[in-house]
Amino acid sequence: MLQASVDSSGTRFRPLVVVELVSDAEEETIAWLLRRIKDPQQRGGAELLVEQLGPGVGGEEKENPNIFLVGATVQRLLSGAEDVGLFKEYNDGSMRAFTCCNKHNFTDFTGDGDSFLSMAECQFIIKHELDTLRAQDETHVPGHSQAKLYPGKSIIRRLQSKGMLIQIFPLQELEELKRLSFFWYKKVKLAPQPLDNVRHYYGEGLALYFGFLEYFTFALLPMAFIGVPYYLFDWEDYDKYVIFAVFNLIWCTVFLELWKRRSASLAYRWGTLSRKKAFEEPRPGFHGVLGFNPVTGREEPLYPNSKRQLRIYLVSLPFVLLCLYLSLHVMMIYFVMEGWAHSLHNDNPTFWTGILLFIPSIIYAVVIEVMNLIYRYGAEFLTDWENHRLESSYQNHLVLKVLVFNFVNCFASLFYVAFVMQDMVLLRQSLATLLITSQILNQLMEAFMPYWLQRRRNKKMIRKVQKTRSLQDQELPLAEQVRLEASMSTYLGTFDDYLELFLLFGYVSLFSCVYPLAAVLVVLNNVTEIYSDAFKMCRVFKRPFSDPATNIGVWQLAFEAMSVMAVVTNCALIGISPQVKAYFSESETQLILWTAAIEHGLLALKFILAFLIPDVPKHIHIKLSRLEFESLEALKKKRNHHEGKCLKPRSSVRASSEERRAYRC
């Protein structure tokens, strides 16, 4: 349990969120920001509680004094839960949007509701309230005349974009984190992950990622069990992968459709499936000429879409095409190296020349990872320069850029070997080398390197904390906990994690019929990935804010696009197999036509399966329909009641938030 803090008014509260300003921030700026955070909502404030963090052990001068702890009263958190549209379990077992007037009708609400909301939900509410703090009549940030403000501008976003606010992050609950760590990654077991506990502590977005990773791993087990004997008994017989390719086609379609149902079940249980999407605010880095938003009527920067399109098509698109050309050029260099190694081995076959055969593939796999990393920085820079107004638009353009390059960079050589060279032996060797090398590099870059760097960065802080706790295993002082967490790395989201799974899914769905052990290697990778990702979330990164996600978002479309590509690729592999060519030895045109016809038929079957398998389970669909019906009936009753006896707020002053809430109820 976190130690209680005391607000300037003397109110005790549990610190939930840390706000860190630059160490040389102006006193006028700090006083203004704190006043806006603490002011009542009627005066445009967030009505939260704030305390400045005291000095750490030893009180070193270089410690940043401008670190503040933010919390809220129970009633403020409950009203915030209603404002953000939080769904909780109702007495009848359904998931409903929380309202303060009906709070006692919710399953877990007892007493004053102190334990009704999880810590992650409370931190999400506080982050929402801070993000919605808006300028009123200020023309600039006090103490910084160059930081312009206008009515309706988000204060926190302006401070972030101007570099005055370093970071905002939620505090860890050390005891709960310790329990979660024990059941999540410290205890090795063949059992499902504690997804409900992960969701309770980190939120729905991260829990859905680990749910997808787990589901993907279990879905690969049938392919792995079939692949092992298939690989052992058909080592040199490449003509018999037709059956495995057909199984592959069915598997990737059924897997993705069943995941949609699993995702919907999790989202309903966690209360995000029916949640209405909030109106998106402009990104912190978005800039433009000041004007009025035609939807909200608020004053905010406006940027012509024509300029953005020019930047996309005249700069970003040529950059992507140039990078794709360089990727293909590097691929051709790899094939030259591969040919040189094979010629050397054929002229003088020895043990060392046999080892040399694998060197070009290993070098190429490392180069692919380096190119992906460099390209990622360029794609982020260009997407940021395109000046997208919404975070969702920014993410979609970034995902598209990264996926196109990664797909070509990782799979172009395999397509060339399979359909141009038609060398199944080299295809199997290249796939195995790329898969194994990329997995080793990813594990090193994602888990071991961040942990090693974090240990070096925090070495002095850890020694100081251990000295503070001495030999009595005392509770870690709050000031030291905050400063230790503030120095930890920031978790940048699930983008890279989903990208890695996307590429692994591509290796399995596209070419595993040639190398059946691909599914086995991906299963082993995913098992270690679950533990390494859990480890880095608990030990390496500071706690991220909860993300009330409904599904895996744009990545679902990416995986489905890959599954369509898998149909085309596997049909083409079947078509060029000697076993099938033997039936069309007299006419190659007839072979191509039959392959295309089967491919179109399988695509039709894939879309029929996607149509026949509902995205939402029937029992959840019934519950959602019933809830929608009850909401419409309640709305009719309220309208009739309003027509008979209208509730009016006080005319002398603006209605309070409680009165407005009572009116809604």
Revision key, fill the gap. Of the stretch 180-194, those with amide N under 16 Å from the point 7 Å along the Cα→Cβ vector of Arg269 are 191-194
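Please find the FRET efficiency linking Trp32 to Lys637, where r is the Cβ-Cβ separation and R0 is fixed at 41 Å, and quote it to the nearest 0.05. Provide the component values of the computation, followed by the final result.
On the way: r = 46 Å, r/R0 = 1.11.
Between Trp32 and Lys637 the formula returns 0.35.
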Point to revise | Amide hydrogen neighbours beyond the local backbone of Tyr90, cut-off 5 Å, H modeled | key: Met95, Arg96, Thr107
Point to revise | In nm, spacing of pseudo-spin labels at Thr350 and Arg262 (7 Å Cα→C-beta vector) | key: 5.1
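Report the FRET efficiency, 1/(1 + (r/R0)^6), for Gln422 and Gln42, where r is their Cβ-Cβ distance and R0 is 60 Å, rounded to 0.05. List each step's numbers first, then the result.
Working: r = 74 Å, r/R0 = 1.23.
Efficiency, from the Cβ-Cβ distance: 0.20.
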Check your understanding: Can you work out ³J(HN,Hα) from phi for every residue in the stretch 426-443, in order, using Karplus 6.51 cos²θ - 1.76 cosθ + 1.60 and θ = phi - 60°, giving whole Hz and x for Gly and Pro?
Key -> 5, 4, 5, 5, 5, 4, 4, 5, 4, 5, 5, 5, 5, 5, 5, 5, 5, 5
Study note, to complete from the structure: Two pseudo-spin positions, 7 Å from Cα along C-beta at Leu177 and at Ser625, lie apart in nanometres by 4.6
Exercise for review: Work out from phi, with θ = phi - 60° and the Karplus expression 6.51 cos²θ - 1.76 cosθ + 1.60, the ³J(HN,Hα) of each residue of the stretch 496-513, listed in order in whole Hz, and give x for Gly and Pro.
Suggested key: 5, 5, 5, 4, 4, 5, 4, 5, 5, 4, x, 4, 6, 6, 8, 10, 5, 5
Practice item. Mind ranking 428-439, 528-539 by how tightly packed they are, going by the mean number of other C-beta atoms within 10 angstrom, highest first? Key: 428-439, 528-539
Practice item. List every residue whose amide H lies under 5 Å from the amide H of Arg134, counting only residues 5 or more places away in sequence or on a different chain, with H placed 1.01 Å from N in the peptide plane. Key: Ile155
Study note, to complete from the structure: The answer for His140, listing residues at least 5 apart or on another chain whose modeled amide H is closer than 5 Å to its amide H, is Leu149
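Is there a pair in Lys38/Lys148; Lys260/Lys581; Lys148/Lys536; Lys127/Lys187; Lys148/Lys542; Lys187/Lys606 whose C-alpha atoms are over 29 Å apart, and which pairs would that be?
On the way: Lys38/Lys148 22 Å; Lys260/Lys581 38 Å; Lys148/Lys536 39 Å; Lys127/Lys187 33 Å; Lys148/Lys542 31 Å; Lys187/Lys606 40 Å.
Long pairs (Cα-Cα over 29 Å): Lys260/Lys581; Lys148/Lys536; Lys127/Lys187; Lys148/Lys542; Lys187/Lys606.
How big is the Cα convex hull of the stretch 336-393 in projection, averaged over all directions, in nm²? Write out the running numbers ahead of the final one.
Values: hull surface 21.8 nm².
Averaged projected hull area, Cα only: 5.4 nm².
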Study note, to complete from the structure: Output row, site Arg539, 7 Å Cα→C-beta label point, backbone N cut-off 20 Å, window the stretch 165-182, residues 172-182
Practice item. Return Leu382, Leu48, Leu373 ranked ascending by Cβ neighbour count within 10 Å, so the fewest neighbours appear first. Key: Leu373, Leu382, Leu48
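Here, each number is a calculation from the coordinates, and none is a lab measurement. Just so it is clear, the structure is predicted and the values come from calculations on it, not from any experiment. Because the Cβ atoms are built from the backbone with ideal geometry, glycine has one as well, and the counts that use them run over all protein chains shown.
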